[in-house]
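Coordinate-derived values only; no laboratory data. Remember, predicted model here, so these are calculated numbers, not experimental data. In this analysis, Cβ positions are derived from the backbone assuming ideal geometry, glycine residues included, and neighbour counts consider all displayed protein chains.
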Amino acid sequence: MPHSIFTRALPVGALAFAVASAPAQSTGTARFTGPLVTPAVNTLPSGLFNIEPYLIHSNSRGDYDNTGGRHVASPQFRQWQIAVPMSYGITDSFGIQVTPTAARTSGGGRHTDGLRLGDTGVRLQQRLLAPDDDGGGTVLAVAVARNFTTGKYHQLDANPLNATGSGAARTTLAVGAQRLHWLEDGRALRWRSQVAWSPRPDRIRVRDASVYGTDAGLRGYATPGQSWSATFAAEYALDSRWVLVGEAIWNHNGAIHVRGVDARGGSIDHRLASGHAISLAPAVEYHFNANVGLIAGVQFTVAGRNVTDYVAPQAAVNMVF
């Protein structure tokens, strides 16, 4: 099914949890918004609110097969997505983030019926180690996130591109680390990483056409496997306004088992193979002041298996209140 391209390749969870960057931070003459994908590690001070609307344009270029070979896909699909991470510091070391999403997909002469609501992410994070007074030192945090299935994933009637959700109410556990280094020339280098694991969610009720490749008349269930992700990012501050960003991302999705009965009463029992993707996300940050920053870049796959080969230009405005 064409609409499954982006839900398998860009864990819109990519987009619910991963795109949530750090609030703009000022340390000496260095300011950071955070990279495009790796989530914030340091928490907002108590009472501060951060919002960072993202606009993402994902373009499929092909597919990676079960051996990692890349093939050009036809037709190709494009997706506009909006993700709006909103974070609040409950205490100086504990915070919450809510990320609603919406998307519109087109390709093959068809398109989504307007901009449609996607899944919504909620993330709770506890900082374990705080930075030093000068911003240096290692910052360490743990987080738990939940994907709420607010996007449509089945009963797609005549337009399969109306699918904008996964149907999987996943819980994700993550640990993140961050460190700022002041260099001899007065510039700053900050690195950040996260490792996340999502156990197998409850089985998903599936009816009719769905993101799991089922057709009208199906009555059944999908059982996704566990998933893993790891990211590493580095930000190099040229001055108090400009920052260069480099980032590498690895995602692994477990196999999905689909069982049910089709419209003719026949038994359906098939497996969607597990897959992984490796992508890069270079970007540039520009800071208007200590509370408002802009980041723009592109995420693109460089290797994978059983996933879409895609390129996704994107931009976000980071604002702290």
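Specify, per residue and in Å³, the volume enclosed by the convex hull of the alpha carbon atoms belonging to the stretch 233-321.
Enclosed volume per residue, from the Cα hull, is 144 Å³.
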- Task: Report, largest value first, the span of the C-alpha coordinates of the stretch 99-198 along each principal axis, in whole Å.
- Result: 60, 30, 17
- Item | Whole-number D in µm²/s for the stretch 30-96 (Stokes-Einstein; Kirkwood sum over Cα pairs; 10 °C, 1.306 mPa s) | 104 µm²/s
- Item | Among Asn318, Val206, Thr101 the positive-end extreme of the charge dipole of the chain (Cβ point charges) | Val206
- Query: When the dipole is taken about the Cα centre of the chain, and only Lys, Arg (+1) and Asp, Glu (-1) are charged at their Cβ, what size is it in debye, to the nearest 20?
  - Reply: 940 debye
- Query: Among Ile278, Thr120, Thr91, which residue has its Cα positioned farthest towards the positive end of the charge dipole of the stretch 4-320, with +1 placed on the Cβ of Lys and Arg, -1 on the Cβ of Asp and Glu, and the dipole taken about the Cα centre?
  - Reply: Thr120
- Contact order relative to length for the chain, counting C-alpha pairs under 8 Å separated by 6 or more residues, stands in percent at 20 percent
- Taking the convex hull of the Cα atoms, report for the chain its projected area averaged over all directions, in nm². 15.8 nm²
- Translational diffusion coefficient, Stokes-Einstein: compute it for the stretch 136-279 using the Kirkwood radius over C-alpha pairs as Rh, at 25 °C and 0.890 mPa s, and state it as an integer in µm² s⁻¹. 137 µm²/s
- Message: Give me the tail of P(r) for the stretch 57-116 as a percent: Cα-Cα pairs with distance above 19 Å.
- Response: 54 percent
- Item | More than 14 angstrom apart: percent of Cα pairs within the stretch 186-245 | 70 percent
- From the phi of every residue in the stretch 301-311, what ³J(HN,Hα) in whole Hz does the Karplus formula 6.51 cos²θ - 1.76 cosθ + 1.60 yield, where θ is phi - 60° and glycine or proline is x? 6, 10, 6, x, 8, 6, 9, 7, 8, 9, 10
- Round to a whole angstrom and tell me the spacing of the C-alpha centers of the stretch 197-246 and the stretch 267-303. 11 Å
- Task: Tell me what the chain gives for mean residue ellipticity at 222 nm when only DSSP H runs of n ≥ 4 count, each as -39,500 (n - 2.57), the sum divided by the residue total, rounded to 500 deg cm²/dmol.
- Result: -500 deg cm²/dmol
- Item | Highest average packing first - 259-272, 184-197, 307-320, Cβ atoms within 10 Å | 307-320, 184-197, 259-272
